[in-house]
Amino acid sequence: QVQLVESGGGLVQPGGSLRLSCAASGSILSIEHMGWYRQAPGKQRELVAAITSGGSTNYADSVKGRFTISRDNAKNTVYLQTNSLKPEDTAVYYCNANITALYPVHDLEVWGQGTLVTVSS
């Protein structure tokens, strides 16, 4: 079974930083897209940042210059470095990946369970 496990959320003051991690495990052949989404209370889930296996990235306008997405392909792990956090960044952050799994070979879109980021003084 292929799964994504996130870590790194928590409570932080405005202007602070957090580093989120998401590790994929299971019978994995390859991972193309990996990304971070977030969902604030009463709002729709939105894309925060994404990265391809080749390292191409894209960001939501609201986080450009503050957040950085990166990945370690050898560890099947994606990171989100969040800096200069604002109260409006408060949300549950979800990891997402497009994975080619084994036994048999097939493509999956997998979501993590989410990690809560709260920005408050």
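Every number in this text was worked out from the coordinates using simple rules, so none of it is lab data. Please read all numbers here as calculations on a predicted model, not as lab measurements. Counting neighbours? That spans all protein chains shown, and the Cβs are built from the backbone with ideal geometry, glycine included.
Based on the Cβ-Cβ distance of Lys86 and Asp107, what FRET efficiency does E = 1/(1 + (r/R0)^6) give at R0 = 25 Å, to the nearest 0.05?
Once rounded, the FRET efficiency stands at 0.10.
Add +1 for every Lys or Arg and -1 for every Asp or Glu among the other residues with Cβ under 13 Å from the Cβ of Thr100, and state the total.
Local net charge: -3.
Quick check: pseudo-label points 7 Å beyond the Cα along Cα→Cβ at Lys64 and His33, how many nm apart are they?
Simple spin-label model gives 1.9 nm for this pair.
State to the nearest 20 debye the size of the charge dipole of the chain about its Cα centre, where the only charges are +1 on K and R beta carbons and -1 on D and E beta carbons.
280 debye
For the stretch 70-121 and the stretch 43-61, what is the separation of their C-alpha centers, rounded to whole Å?
10 Å
Quick one: which of 14-21, 60-67, 112-119 comes out on top by average Cβ neighbours within 10 Å, and what's the full order, highest first?
In descending order of packing, they fall as 112-119, 14-21, 60-67.
For the pair Thr57 and Val5, how long in nm is the line joining their label points, each one 7 Å along Cα→Cβ?
Reported label-point gap for Thr57 and Val5 is 2.6 nm.
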